[in-house]
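**Student:** The structure that follows is given in the form of structure tokens.
The values are calculated or read from the model by the stated rules, or taken from the named source; none is laboratory data. Just so it is clear, the structure is predicted and the values come from calculations on it, not from any experiment. Methodologically, a virtual Cβ is constructed for each residue, glycine included, from the backbone with ideal geometry; neighbour enumeration extends over all protein chains shown. Protein only, heavy atoms only, side chains kept; ligands, DNA and RNA dropped before computing areas. Shrake-Rupley method; radii C 1.70, N 1.55, O 1.52, S 1.80 Å.
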Amino acid sequence: MRSLKKVMALGLASTMVLSLAACGGGSTETTAAATTAAAETTAAAEETKAEAEATDAAEETAAEVAEATGDFDASNVKVGISIYKFDDNFMTLYRTELERYLTEDLGFKAENITIQDGKGDQAEQSNQIDNFITAGVDVLILNLVQASSAPQVTDKCKEAGIPVVYINREPDAEEEERWASEGIQATYVGCDARQSGTFQGEEILETSNGGDINGDGKVSYIMIQGDPENVDAQYRTEFSVKALTDAGVEVEELFIQRGDWDQAKGQQLTQDALTQFGDEIEVVFCNNDAMALGALQAIEAAGRKVNEDIYLVGVDALTECVQNVLDGKMTGTVFNDHIAQAKSAADTAVKYLKGESVDPVNMVDYVKVTTENAQDVLDALK
Ligand code: GAL
């Protein structure tokens with residue numbers, strides 16, 4: 001709609017310029033005068049065109065913002081955001097989309113949005129939150145370093161009368177229930193990590209031999225975990241394997257280590273496991289794609305071939321990994337929809353600001369990514 005309007009506005013303006021310039025007479029003088037006149041007309045027309053485009057764009061933005069926020073005026077609202085650490089592939093995509101959506105689609109001013117790097121340090125992040133409170137932000141969007149610090153953080157925000165939207169690292173159920181029972185303005189926006197684990201397990205079940213490459217009647221796997229304090233790591237670990245056992249498949253866990261969502265650690269751990277267990281390893285489960293990228297490096301360095309003598313699955317659908325799925329270098333991944341999560345987090349913040357009621361937990365679906373839909377997912381991500 002937006003681009004169509006713009007194309008139409010442009011087309012109209014250039015038609016105008018062309019027909020005006022074509023009005024020149026016969027003599028040189030007339031031609032020169034006509035040229036000057038035409039040049040002036042062209043300049044004027046271009047100015048009009050630029051103005052028309054600016055008005056058009058402003059009207060569109062205003063219309064889009066109004067559609068997304070109703071009567072709510074975001075222009076003076078201050079938002080404090082803290083991300084558990086900037087140096088995380090997935091959270092970087094999420095953070096970029098969150099900032100884009102707040103400013104471009106909801107009309108928040110960039111200078112009113114402060115995004116801090118928690119640097120993987122809860123003490124540092126708690127200081128940032130204290131500073132946000134002192135600065136009087138209107139709403140907080142927090143990706144906690146340690147989800148277990150949610151009760152203390154929530155109480156501080158409650159005391160200051162600042163609503164808080166937790167993202168990505170889910171506080172425990174007891175804490176979420178407390179928000180509802182005590183009427184606290186706190187909520188969680190994320191995905192149910194059990195679903196992503198189940199999808200990973202299904203991707204292995206859907207291979208030609210169901211993950212049992214050597215035909216010994218069991219699936220022997222290694223598990224490269226994220227930060228185990230994080231429920232995403234716990235659930236993905238549990239439910240990926242549960243999908244196999246629920247299907248009646250016998251499993252053998254050869255190795256399980258924490259790689260903290262990090263590519264270099266994923267590479268090192270997979271290399272260690274390959275050295276220790278070699279061909280016994282049939283499946284490499286990685287709790288996220290960054291670690292799967294590392295695992296792939298180790299797998300290739302060991303001369304193994306994904307989808308031939310070993311399977312590899314991750315979560316997040318980083319574009320590099322979706323491409324790997326297409327190229328047969330990863331068996332599958334799972335789209336951790338940062339676009340929908342960023343939108344939901346920002347929309348939820350707006351609900352608080354408008355005084356509307358908010359559910360304590362807001363979940364977005366994961367999407368299984370295999371060779372069948374990888375191209376579509378890649379196109380959608382670009
Ligand atoms: C997960 C994601 C990981 C990492 C983690 C941080 O949902 O899959 O890649 O970003 O969140 O908490």
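**Student:** Report the relative contact order of segment 148-280, percent, no decimals, based on alpha-carbon pairs under 8 angstrom and at least 6 residues apart.
**Tutor:** Relative contact order for segment 148-280 comes out at 22 percent.
**Student:** Ignoring ligands and nucleic acids, what accessible area does LYS265 show with a 1.4 Å probe (Å², nearest 10)?
**Tutor:** Approximately 90 Å² of LYS265 is accessible to the 1.4 Å probe.
**Student:** Expressed as a whole number of Å, what is the distance separating the alpha-carbon centroids of segment 314-382 and segment 200-226?
**Tutor:** Each part reduced to its Cα centre gives a spacing of 24 Å.
**Student:** A follow-up question, please. Between LEU378 and LEU205, 0.36 nm times their residue separation minus their Cα-Cα distance comes to what?
**Tutor:** Stretched fully, the LEU378-LEU205 segment lengthens by 59.9 nm.
**Student:** Next question, about the same structure. Keeping all protein chains in position, work out how much accessible area TYR101 exposes to a 1.4 Å probe, and write it in Å² to the nearest 10.
**Tutor:** 10 Å²
**Student:** Along the charge dipole of segment 66-202, pointing to its positive end and built from +1/-1 on Cβ of Lys, Arg, Asp and Glu, which listed residue (THR154, SER181, GLY197) has its Cα farthest out?
**Tutor:** THR154
**Student:** Which chymotrypsin sites (Phe, Trp or Tyr not before Pro) in segment 216-262 sit in a loop by DSSP (not H, G, I, E or B) and have at most 16 other Cβ atoms within 10 Å of their own Cβ?
**Tutor:** Taking segment 216-262 and a limit of 16 other Cβ atoms within 10 Å, no loop chymotrypsin sites (Phe, Trp or Tyr not before Pro) are found.
**Student:** Trypsin sites (Lys or Arg not before Pro) within segment 321-373: which are DSSP loop residues with at most 11 other Cβ atoms inside 10 Å?
**Tutor:** In loop regions of segment 321-373 (DSSP not H, G, I, E or B), the sparsely surrounded trypsin sites (Lys or Arg not before Pro) are LYS354.
**Student:** Just reorder GLU175, GLU99, GLU159 by solvent-accessible area, largest first, 1.4 Å probe, all chains present.
**Tutor:** The most accessible residue leads, giving GLU159, GLU99, GLU175.
**Student:** Mind giving me the nanometre distance, one decimal, between the label points for ALA301 and ALA160, set 7 Å out from Cα along Cα→Cβ?
**Tutor:** My value for the distance between the label points is 4.4 nm.
**Student:** Which cross-chain or sequence-distant (5 or more) residues have an amide H under 5 Å from the amide H of ILE141, H modelled 1.01 Å from N in plane?
**Tutor:** The list, which skips near neighbours in sequence, is GLY80, ILE81, SER82, VAL165.
**Student:** Further question on the same structure: Which distance in nm do the two modelled labels at ASN214 and LEU254 give, with both placed 7 Å along the Cα-to-Cβ direction?
**Tutor:** In this crude spin-label approximation the distance works out to 0.7 nm.
**Student:** Kindly report, to the nearest 10 Å², the accessible surface of GLU177 as traced by a 1.4 Å probe over protein heavy atoms only.
**Tutor:** Approximately 120 Å² of GLU177 is accessible to the 1.4 Å probe.
**Student:** Is the C-alpha gyration tensor of segment 194-299 telling us rounded, prolate or oblate? Criteria: a/c under 1.5 is rounded; beyond that, a/b larger than b/c is prolate, otherwise oblate.
**Tutor:** Verdict is oblate for segment 194-299.
**Student:** Leaving ligands and nucleic acids out of the surface, order ASP216, ASP87 by accessible area at 1.4 Å, largest first.
**Tutor:** Result, largest first: ASP87, ASP216.
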